[in-house]
Each structure stands twice: as structure tokens, then as C-alpha cells.
Amino acid sequence: MNWDDLRIIAAVRDEGTYAGASARLRIDETTVGRRLTRIERALGLRLFEAVDGVRKPTRQCDMVLAHIQAMAAHAEEIGRIGESLPGPVGRLRIASTSAIAEEVLAPRASEFLRAHPGLTLQFLTSSENVKFSRWEADLAIRLRKPDKGDFAISKLAEVRSYFFEPATTTAGEAMLCAYPDELGGIPEMQFLRAKRLRARCVTDNVRIIHTLIRSHHAVGVLPEHSCADLLTDRRLRATLLPKRRDVWLLVQNHLKRDAATRVTIDWLRACFQDAAQRG
């Protein structure tokens, strides 16, 4: 049943005429009659009878109206949900790498969501970039700046990185963990190429690099939010890379002025600032 059609039944009952229902709902009188005929045909029953120029609901119509009144009450309650929640209301899909979602966003998500009960966050984690043109996400965090696209883009943060090597051996004696060739332009890979070491492990998963470095038999570069425990490991030597890595935020254009989006963007920036301070 079409909800707009069902509202016509209630309007005719309340007004007593097609003309009255037409004025109340601001639709053409012939449309009122046509839609009622369609409903009667679909239900296989008669809804109204003409009595002294007034449309009176039949017994079957009263049964239908009882359900319509319940539906109207639920529709009204749905409309008030946003009013009952303090602050912005909305559901936002955030795309990022697994490492950023797990190490930067997730530890700070609980406090943010408790402070904004009207918000829902959906985390989309993948090493592949989502396609904004297909509306696969509302916001995306990327470690490389897109060349172009129909979205708003801004620098979200600058991330420091550290080169780790065993403290008791030289870098040349340890296994090198490197990123794939398609990431050759990032500061981490530029730093590693200068070491002139042969890569023994190639991956874009920072957790794998972290595990190998923690074995004290490998060298590699990790972002600050992924290596807090390694920085306190006395069996490792850490060198801060001279060049930081830019983190970019992509936002769908139609959400730039949305209240829920703005408060979420502020939270994302705070997440990276906090991660940097802790690192």
C-alpha cells in the first residue's frame, strides 16, 4: 500500500467529501477519487458510501482506518526522532586503511559517539581506494593526494615516520621490509632506497612490518601511530625520518556544510593530533 494513498482515506473520512480531502491534502479532487478507486480495486472492498452528500466509511473502511491511524502515529514518532537527540544526526561512511581505522580512529570513537548520540559511523577499511564517483563512502582518508575528482579535499594531518633497525646489528645484516613499488613516491620508500638494501619482505600492511621489526631481525619504516611500543624497545634503534607524510581528507561535495559532517571532520583532525602527541 502506498502511504500517500492511505492518507487520502483518512482525509476523506475526516472531511466527508472528496473536495474537502482535496483541499486538505492540496491535491486535485479527481486525483482523490482515482486513488480511492485504485485502493478499493486492490483490496476488493468498498471504502465509502454516499449518505446525504457525505462520504461515510464502511465497516471494512473502519478496519483499514485503524491501521492507518497507527501508521500515522508511527510516522509522527519517526519524524521526532531527530528532535529527541542532542546535537547533529546522521550516518557517515568513513573509508581508510585498516591501520588508520584501528590505531587512530577506533581508540577515540567510543568517546566521540557517546558525546554525539545522534551520529552513526560506518568504517570501511581496505587497501584499495573507494570510488567517490559511485558514492561508496561519504568521507575518505588517503595517504596520497588525488589528482582530481568531484569532491572537496583538504590536508587532514602530517604524519611522522620512524626507521627501525636492531640495536645490536647493522642495517645491512637485517632483513628489509619495504612497501610495494606502486608506493615508491612516498617518503618512507624514498628513505629506504637511500639505504641501498634489498627488500626481503614487500607489503602495504603495516602490521606485518611491525611484527617483523619486533622480531629484532628486520628493518623498516612505520608511521608514528603504529610504533609506540617499538619506540620504547631498547633492542631497537629508531630514527625519525626528516620528511613527514601528508594525510588527505576527501568529502562528498553535498556534505561540506552538513552539521554531522562538520563535527565528524573536527573529530578526525583531533584523532590525528592526539595520535601525534602520544607518538
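Readers should treat all values here as calculations from the given coordinates under stated rules, not as data from a laboratory. These figures come from a predicted structure and were not determined experimentally. Heads up, the Cβs are rebuilt from the backbone with ideal geometry, glycines too, and the neighbour counts pull from every protein chain shown.
A few points about this structure:
- Cα centroid separation, the range 169-228 to the range 22-78 (Å): 70 Å
- Residues Thr239, Thr261 arranged by fewest to most Cβ contacts within 10 Å: Thr239, Thr261
- When the chain is described by a simple charge dipole with +1 on each Lys and Arg Cβ and -1 on each Asp and Glu Cβ, the residue from Thr125, His225, Trp3 located farthest towards its positive end is His225.
- Taking every Cα-Cα distance in the range 176-218 and sorting them into 10 Å bins starting at zero, the pair-distance distribution P(r) comes out as 29, 60, 11 percent.
- FRET E, pair Met71, Arg41, Förster distance 25 Å, beta-carbon r, rounded to 0.05: 0.75
- The slack between Ala115 and Ala270, meaning 0.36 nm per residue of separation minus the straight C-alpha distance, is 54.4 nm.
- Förster-model FRET efficiency, 22 Å R0, Asp150 and Arg257, C-beta, rounded to 0.05: 0.85
- Dipole magnitude (debye, nearest 20) for the chain, charges at Cβ of Lys, Arg, Asp, Glu: 780 debye
- Note: the range 161-243, Cα convex hull, 81 Å³ per residue.
- A straight Cα-to-Cα reach below 30 Å connects Lys256 with the lysines Lys131, Lys145, Lys148, Lys155, residues fewer than 8 places away in its own chain not being considered.
- Whole-number percent relative contact order across the chain, with pairs defined as alpha carbons under 8 Å at least 6 apart: 19 percent
- Axial C-alpha extent at least 20 Å, average Kyte-Doolittle at least -1.0 - helices from the chain (DSSP): 29-43, 59-84, 259-278
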